[in-house]
Amino acid sequence: MTYRLTDLPAGETAGHRDELLALSAQAFCGAPWHEPPLGAVRTVDRLLDSAARRDDFTAVVATDADGALLGFAAGWTDTVLTGGETAFELAELVVAPGHQGRGIGRGLHDALLGAGTPGPALLMTLDVPELTDRYARWGWAVVDRRRPGKEEREYVVMRRER
């Protein structure tokens, strides 16, 4: 399957809210996330809020030949996950369930990380082998484990040099 990767400027992100919501709801309702639809709304609203107010917001979308959204990745510079060190945070990486396993996620990942300045990159994801093993294959290493807020599930913080 062929797909196209395109930068999504912050100013255009809000115009794709419905598509991003639908994609996030599909991707996060299944394993390993099992998020209710409200989880997708929180994910997309966080993304849109960040896009609206951050100069360093970066996003990439994957579309098929007809322009349908297959996936997206977004991030920004942050110091929260590091405790003070400036690093690029891979904040979201989402691929439609019917298109997973075809290299789209890796393509989004590489395009997003290649867009910024060199230096460390961080992400936080569920501490499950399905996710941590994938990111490890892509050059990430676990540096911390956390249970944010009132979460019942454990998450890992992973780091990668860009």
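Under the combined filter of DSSP loop state and at most 16 neighbouring Cβ atoms within 10 Å, the stretch 67-161 retains these GluC sites (Glu not before Pro): Glu85, Glu151, Glu152, Glu154. When both the stretch 1-22 and the stretch 70-103 are represented by their alpha-carbon centers, they are found 14 Å apart.
Note on the chain: with neighbouring protein chains present and a 1.4 Å probe, carbon and sulfur make up 50 percent of its accessible heavy-atom surface. Converting phi to 3J(HN,Hα) with the Karplus coefficients 6.51, -1.76 and 1.60 and the offset θ = phi - 60°, the stretch 99-114 yields 10, 6, x, 10, x, 5, x, 5, x, 4, 4, 5, 5, 5, 5, x Hz in sequence order, with x at every glycine or proline. With a cut-off of 18 Å, note down the residues of the stretch 65-98 whose backbone N falls inside the zone around a label point 7 Å from the Cα of Thr2 toward its beta carbon. Correct set: 65-71. D by Stokes-Einstein for the chain, Kirkwood Rh over Cα pairs, 37 °C, 0.692 mPa s: 205 µm²/s. Under 5 Å between amide hydrogens, which residues at least 5 positions from Arg162 or on another chain qualify, with H placed 1.01 Å from N in the peptide plane? For Arg162, the qualifying residues are Gly119, Ala121. Based on DSSP H segments of at least four residues, each scored -39500 (n - 2.57), the chain has a per-residue ellipticity at 222 nm of -10000 deg cm²/dmol.
Each residue of the stretch 140-149 is assigned a 3J(HN,Hα), and the resulting list reads 8, 9, 5, 10, 6, 10, 9, 10, x, x Hz, derived from the Karplus form 6.51 cos²θ - 1.76 cosθ + 1.60 (θ = phi - 60°), x at Gly and Pro. Our summary gives the stretch 2-50 a relative contact order of 34 percent, counting only alpha carbon pairs under 8 angstrom and 6 or more residues apart. Close amide H partners of Arg146, meaning residues 5 or more places away or on another chain with modelled amide H under 5 Å apart, are Tyr155, Val156, Val157. Scalar couplings 3J(HN,Hα) for the stretch 132-139, obtained by applying the Karplus form with A = 6.51, B = -1.76, C = 1.60 to θ = phi - 60°, are 5, 5, 4, 5, 4, 4, 8, x Hz; x denotes Gly and Pro.
Taking 7 Å steps out from each Cα toward its Cβ at Asp55 and Trp138 produces label points 2.8 nm apart.
Less than 5 angstrom separates the built amide H of Ala91 from those of Ala74, Gly75, Trp76, all sequence-distant by 5 or more or on a different chain.
The values are calculated or read from the model by the stated rules, or taken from the named source; none is laboratory data. All of these numbers come straight from a predicted model, not from anything done at the bench. Here the Cβ is made from the backbone with ideal geometry for all residues, glycine too, and neighbour counts use every protein chain on show. For the accessible areas, the whole protein counts, side chains as well, though only heavy atoms, and no ligand, DNA or RNA atoms are used. Shrake-Rupley method; radii C 1.70, N 1.55, O 1.52, S 1.80 Å.
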